[in-house]
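Report on one structure; see the data block that follows.
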Amino acid sequence: MAFASFDKQRGAAPLAEINMVPLIDVMLVLLVIFIVTAPLLTHAVKLELPRADAANNTLPPQTIEFAIDAAGQRYWNGERIDRAEAARRFSQAGAADPRTEVQLRADGDSAYRSVAETLADASRAGLTRIGFVSQPDSR
């Protein structure tokens, strides 16, 4: 790339090329700076942290399997009970551990009223972890 020209007519014309040499020089200087400073950034402080000897003793929450059949009968873990007994047991379970999970299985032909009453009784007892158990459609 020539910077001077012996041609007097085109000598005063503006240069239409980009001068890449200064750009390359700046990039090489930046590369050297990064190469020099990169090892300084990996400095780490070694710490000796204390170790715990005991394992975590958290017990998994209790699970209650509650079922309602088509006739509206309620079942607590397979045992047939009435609504008052279910509400009493919900209160006991909620007082013992509010993390208790209720797995509600209701028949497709059961009245919605039975399901709503069961949900209300469990909610009043402080049980908020309620799951609905269903079977996949076998079509």
Item to complete: Hey, could you get me the Stokes-Einstein D for the stretch 40-139, Kirkwood radius over alpha-carbon pairs, 25 °C and 0.890 mPa s, rounded to whole µm² s⁻¹?
Response: 152 µm²/s
Item to complete: Find the Cα radius of gyration of the stretch 34-92, compare it with 2.2 N^0.38 Å by division, and give the number to two decimals.
Response: 2.77
Discussion item. Give me the one-decimal nm value for the distance between modelled label points at residue 105 and residue 35, 7 Å along each residue's Cα-to-Cβ direction.
Written reply: 7.1 nm
Item to complete: Please arrange 88, 74, 113 by counting, for each residue, the other beta carbons lying within 10 Å of its beta carbon, fewest first.
Response: 113, 88, 74
Practice prompt. Starting from the amide H of residue 102, placed 1.01 Å from N in the peptide plane, find each other amide H under 5 Å away whose residue is 5 or more places distant or on another chain.
Written response: 64, 129, 130, 131
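Since every read-out is calculated from the coordinates, none of them should be taken as a lab result. Quick caveat, the model's predicted, so the values are computed rather than measured. We place every Cβ from the backbone using ideal geometry, glycine too, and count neighbours over all the protein chains shown.
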